[in-house]
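The values are calculated or read from the model by the stated rules, or taken from the named source; none is laboratory data. These numbers were taken from a predicted model, which means no experiment stands behind them. Using ideal geometry, Cβ is built from the backbone for each residue, glycine included, and neighbour counts are taken over all protein chains shown. The area values use the complete protein model at the heavy-atom level, side chains included, leaving out ligands, DNA and RNA. Shrake-Rupley method; radii C 1.70, N 1.55, O 1.52, S 1.80 Å.
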Amino acid sequence: MLVVAAIGAWQIRDHVASGTVVSGVTLRSLDGGSRLLSSFRGKPTAVAFWAPWCSVCKAESGNLSWLAKLVGERAQVVSVAAAYDSLQEVRTYITDQQVDYQVLLGDDEVVRTFRIEAFPTVYFLDAEGRVKGSVSGYTTTFGLLARLLF
């Protein structure tokens, strides 16, 4: 167990620090609009960054769906396609993985802002928009739920 914890800590060593408010981040919607990350304040939020070509992201997608169902109105689950070649590639992923949670689009600036080096990466924000923590790699539904709500 200690080895797993050490590996997890090493994977997120360069992530945005807990307590940091990540402001001014604008994400695009699939319909061409935009959404400020700060608009999610008011509830704890899981922000999952993924890429359509990432097999681990595909494996974790169902866990994000379950997370969204389990938290209901108590929290939010937002996903961000952050490394893709075309909008069609993102839409195909959404269809193939039966994504039923919100999907927004990130770019290289968003990836740099969140210091993402691997996919999937999930950030957990408190209701005030402060980073509570993050995780890289596959995370179980229970692991996502515990990090988001506790």
Please count how many residues of segment 63-72 are touching a Ser or Thr at 6+ places or on another chain (Cβ under 8 Å) and open to solvent by 10 Å² or more (accessible area, probe 1.4 Å).
3
Does any residue of segment 92-102 turn out to be under 22 Å from GLY133 (Cβ atoms) and either out of contact with any Pro (no Cβ under 7 Å at 6 or more places or on another chain) or among the β-branched types (Val, Ile, Thr) (or both)?
yes
If you take the residues in segment 100-121 that are of a type in the set (A, V, I, L, M) and out of contact with any Leu (no Cβ under 8 Å at 6 or more places or on another chain), which one is surrounded by the most Cβ atoms within 10 Å (Cβ to Cβ)?
ILE116
Looking for whichever is hydrophobic (A, V, I, L, M, F, W, C), in contact with a helix residue (DSSP H, G or I) (Cβ under 6 Å, 6 or more places away or on another chain), under 20 Å from SER136 (Cβ atoms) and open to solvent by less than 40 Å² (accessible area, probe 1.4 Å) here; the options are VAL16, VAL77, VAL47, VAL22. Which one fits?
VAL77
Selection within segment 99-115 - under 12 Å from the mean Cα position of the chain (by Cα) and closer than 26 Å to LYS69 by Cα:
TYR101, GLN102, VAL103, LEU104, LEU105, GLY106, PHE114
Which residue pairs have Cβ atoms under 6 Å apart, sit 6 or more places apart or on different chains, and have a first residue in segment 119-130 that is assigned to a strand (DSSP E or B) and a second that is open to solvent by 30 Å² or more (accessible area, probe 1.4 Å)?
PHE124/LYS132; PHE124/ARG147; ARG130/GLY19; ARG130/VAL21
Residues (assigned to a strand (DSSP E or B), open to solvent by 60 Å² or more (accessible area, probe 1.4 Å) and under 26 Å from ASP96 (Cα atoms)) located in segment 25-44
ARG28, SER34, ARG35
Search segment 7-33 for residues that are without any contact (Cβ under 8 Å) to a residue 60 or more places away in the chain and under 16 Å from PHE114 (Cα atoms) and pair each with any residue that is open to solvent by 70 Å² or more (accessible area, probe 1.4 Å) and in a strand (DSSP E or B) when their beta-carbon atoms are under 9 Å apart and the residues are at least 6 apart or on different chains.
GLY24/LEU36; THR26/SER34; THR26/ARG35; THR26/LEU36
